1. Using a/c under 1.5 as the rounded threshold, could you call the stretch 122-216 rounded, prolate or oblate? The axes a ≥ b ≥ c are square roots of the C-alpha gyration tensor eigenvalues, and prolate needs a/b larger than b/c, oblate otherwise.
2. Based only on other Cβ atoms within 10 Å, what is the fewest-to-most ordering of 102, 48?
3. Based solely on its DSSP helices, what 222 nm [θ] is calculated for the chain when runs of n ≥ 4 H residues each add -39,500 (n - 2.57) and the sum is averaged over all residues, nearest 500 deg cm²/dmol?
4. So for each of 211-221, 152-162 I average, over its residues, the number of other beta carbons within 10 Å; can you give me the resulting order with the highest mean first?
5. Can you give the angle from 0 to 90° between the axis of helix 98-109 and the longest principal axis of the chain, with both taken from C-alpha atoms, to the nearest 10?
6. Which order do peptides 135-148, 170-183, 30-43, 72-85 fall in by mean Cβ count within 10 Å, highest first?
7. Report the FRET efficiency, 1/(1 + (r/R0)^6), for residue 188 and residue 52, where r is their Cβ-Cβ distance and R0 is 45 Å, rounded to 0.05.
8. With +1 assigned to the C-beta of every Lys and Arg and -1 to the C-beta of every Asp and Glu, and no other charges, what is the dipole magnitude of the stretch 98-234 about the Cα centre in debye, to the nearest 20?
Amino acid sequence: MATQPPYNQLTYYTFGTPNGLKGAIALEELGVKYKVVKVDITKNEQKEDWFLAINPNGRIPALKDGDELRVFESGAILLYLTDHYDPEHKLNYPYGSAEYYEVVSWLMWQMGGLGPMQGQANHFRAMAGAYSEYAIKRYMGETRRLFDVLESRLSKADWLAGDKYTIADIASYGWVRFAPGFLDFDLADWPGLHSWFKRIRAREAVERAQNVPEGSMTDEYLVIAGKAMRSKVDALKPTGESV
């Protein structure tokens, strides 16, 4: 694996979401210079031609290294950054080691499980234009199950993979951060997970990353906004009973 950056002209295209937070944390933890381009998904900027040329899927985040190399999908960005900008393996383990594949396993678990399921839970519980009891129960229940999986590991270990903080932890942290506000989860229900969350939250690089792009949502705002959004969805719940 390469240990030197090929271009060292990083541009990070992002917005204040769980997936957008991942790359920002890694960049701040590694201390590399990068430029931020805010892609305002509330204005559908991620669907504009200029951004589709970077990520044909029209989703944030995306990364460019120089004029030639692009990386999209948040998990791929984390792997790219540690492959090329982390020669001391601060956020990962050496390629080919058992610990490396443990990191990749937890990263893929988040990408294929926690992110999609909690994303649907966030939508139906706090953002949908109609109330769907089935969808809320389905995705809230699956998200709780996935939090239980995190708890099963973090009740016995400080970190998800190996014995140190890695991109595996970074990948799941952003999603856990959104759960109290959007889903009304009490992280104290998962003591090991809660302790892990507080350890990550206390890191200076994480504090900086949570303001990328500038003006991103604070922890307090997430709770206030999430409660207001959940109330709007609750107001759409039918008052009559099915017969």
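Values in this text are rule-based calculations from the coordinates and carry no lab data. None of the values given here were measured: they were computed from a predicted structure. Here the Cβ is made from the backbone with ideal geometry for all residues, glycine too, and neighbour counts use every protein chain on show.
1. Working: a/c = 2.53, a/b = 1.34, b/c = 1.89.
Note, shape of the stretch 122-216 comes out oblate.
2. Details: 102 16, 48 12.
Result, fewest neighbours first: 48, 102.
3. Values: 10 runs with 121 residues, N = 243.
The helix contribution divided over the chain gives -15500 deg cm²/dmol.
4. Values: 211-221: 14.1, 152-162: 16.8.
The packing order, highest mean first, is 152-162, 211-221.
5. 40
6. Values: 135-148: 17.1, 170-183: 24.0, 30-43: 14.3, 72-85: 21.4.
Most protected by this proxy first, the peptides run 170-183, 72-85, 135-148, 30-43.
7. Numbers: r = 42 Å, r/R0 = 0.94.
The formula returns an efficiency of 0.60 here.
8. On the way: 17 positive and 18 negative charges, 50 e Å.
That gives the stretch 98-234 a dipole magnitude of about 240 debye.
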